[in-house]
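Remarks on the structure that follows.
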Amino acid sequence: NAGVTQTPKFQVLKTGQSMTLQCAQDMNHEYMSWYRQDPGMGLRLIHYSVGAGITDQGEVPNGYNVSRSTTEDFPLRLLSAAPSQTSVYFCASSSPGLAGSRGLEQYFGPGTRLTVT
Amino acid sequence: AQKITQTQPGMFVQEKEAVTLDCTYDTSDPSYGLFWYKQPSSGEMIFLIYQGSYDQQNATEGRYSLNFQKARKSANLVISASQLGDSAMYFCAMREKNTGNQFYFGTGTSLTVIP
C-alpha cells in the first residue's frame, strides 16, 4: 500500500496562476480532507469529503475548489493563486464511522510546499 | 471558541525524563475521539495515540500515554523516557460526530529533548 500520496512536493506559482494539487489514497477510505499548515497556526481544514460526489467546506475554503469523482482521488484546485496561499498543504484520509470509535485516525500524505510570489 | 487548545508553544525535557504536553478540548458532543500526532522536522504527520470519549481507561502506546480527564476536557500526552528522536512538533486533534466527523487540530507544541 502506498497510503496517501501527494504531488507535487514543491511548487512555485506567480500571483494569479492556477494549479491543482493532487491527492490519492489506496486504503478505500471514504473520508478525505485538505489542510494548510502555517507557522503558529496548526493545521486548518480547507475542504473535506465524506465520499465520492460529496464535498464540504472547512474553516478556510476561500480561493480553493475540490471535487471527488472517485473514492481514491481528491484534488485541490487553486483558482487564482495569491501570496496568502503560500503554505504547506496536507491531504489526509480516514475511515468513516462514529467519532469515539477506534480506527478513525487520519493518514496524512507527505505534504506539498507551495510558494506564491 | 477554539475546539482544541494547546497552551505550550515550546517545551524542553532532559533525555530519559518524562514530559507532559497539555491539550484541552471543547465539545458538547458525547461521541468524540482525541488524537495526538507527531511532526518531526522532516514534515510528515505521524499518528501516535487515540482516546475515545467512551473509553474508560487511559490509552497507552509504548512510551506514549494519554491522560484523559473527561470532566476537565483535557487529553494530555505523556511521553516517558524521552529520547532525542522525540524532538518534534506535537499536535492534539479531536474528531466529533456533531460536525460531520471533522478533525480539529491545536496549534501544536514544539518539544526539544536535551541530551
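Quick look at the numbers
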| read-out | value |
| --- | --- |
| Rounded if a/c under 1.5, otherwise prolate or oblate - the stretch B:33-115, Cα gyration tensor axes | oblate |
| Within 10 Å of each Cβ in B:91-102, the average number of Cβ atoms from other chains | 5 |
| Within straight-line cross-link reach of B:LYS73, aspartates and glutamates at Cα separation under 13 Å, skipping those fewer than 8 residues along the same chain | B:ASP22, B:ASP26, B:ASP29 |
| About the Cα centre, charge dipole magnitude for the protein assembly as shown (Lys/Arg +1, Asp/Glu -1 at Cβ), debye | 300 |
| Theoretical FRET efficiency, 1/(1+(r/R0)^6), r = Cβ-Cβ of A:MET27 and B:ALA1, R0 25 Å, to 0.05 | 0.15 |
| Listed residue (B:VAL19, B:GLN39, B:THR5) projecting farthest to the positive dipole end of the stretch B:1-41, Cβ model | B:GLN39 |
| Nonlocal amide H pairs with A:GLY3, under 5 Å, H built at 1.01 Å | A:ASP26 |
| Chain B - charge dipole about Cα centre, Lys and Arg +1 at Cβ, Asp and Glu -1, debye rounded to 20 | 200 |
| Within 10 Å of each Cβ in B:27-39, the average number of Cβ atoms from other chains | 3 |
| Candidate aspartates and glutamates for bridging to A:LYS14, where Cα separation is under 20 Å - those fewer than 8 sequence places away on the same chain excluded | A:ASP38 |
| Contact order relative to length of chain A, as percent, for alpha carbon pairs under 8 angstrom and 6 or more apart | 35 |
| Rg ratio (alpha-carbon, reference 2.2 N^0.38 Å) - the protein assembly as shown | 1.01 |
| Square roots of 5 times each gyration tensor eigenvalue, C-alpha, the stretch A:1-85, largest first, Å | 21, 14, 13 |
| Dipole magnitude of the stretch A:22-117, debye to nearest 20 (Cβ charges: Lys/Arg +1, Asp/Glu -1, about Cα centre) | 220 |
| Fraction of beta bridges assigned by DSSP in chain A that are antiparallel (%, nearest 5) | 85 |
| Rounded, prolate or oblate (a/c below 1.5 giving rounded, otherwise prolate when a/b exceeds b/c) for the stretch A:48-117 by Cα gyration tensor | prolate |
| Contact order relative to length of chain B, as percent, for alpha carbon pairs under 8 angstrom and 6 or more apart | 37 |
| Extension gain, B:GLU44 back to B:LYS70 (0.36 nm per residue minus Cα-Cα distance, nm) | 6.4 nm |
| By average C-beta atoms within 10 angstrom, highest first, the peptides A:66-78, B:102-114 | B:102-114, A:66-78 |
| Inter-chain Cβ neighbour average for residues A:40-47, partner chain, 10 Å | 4 |
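Throughout, read-outs are computed from the coordinates displayed, never taken from laboratory work. Computed from a prediction, not measured in an experiment: that's the story for all the values here. Note: ideal-geometry Cβ built from the backbone for every residue, glycine included; neighbour counts use all protein chains shown.
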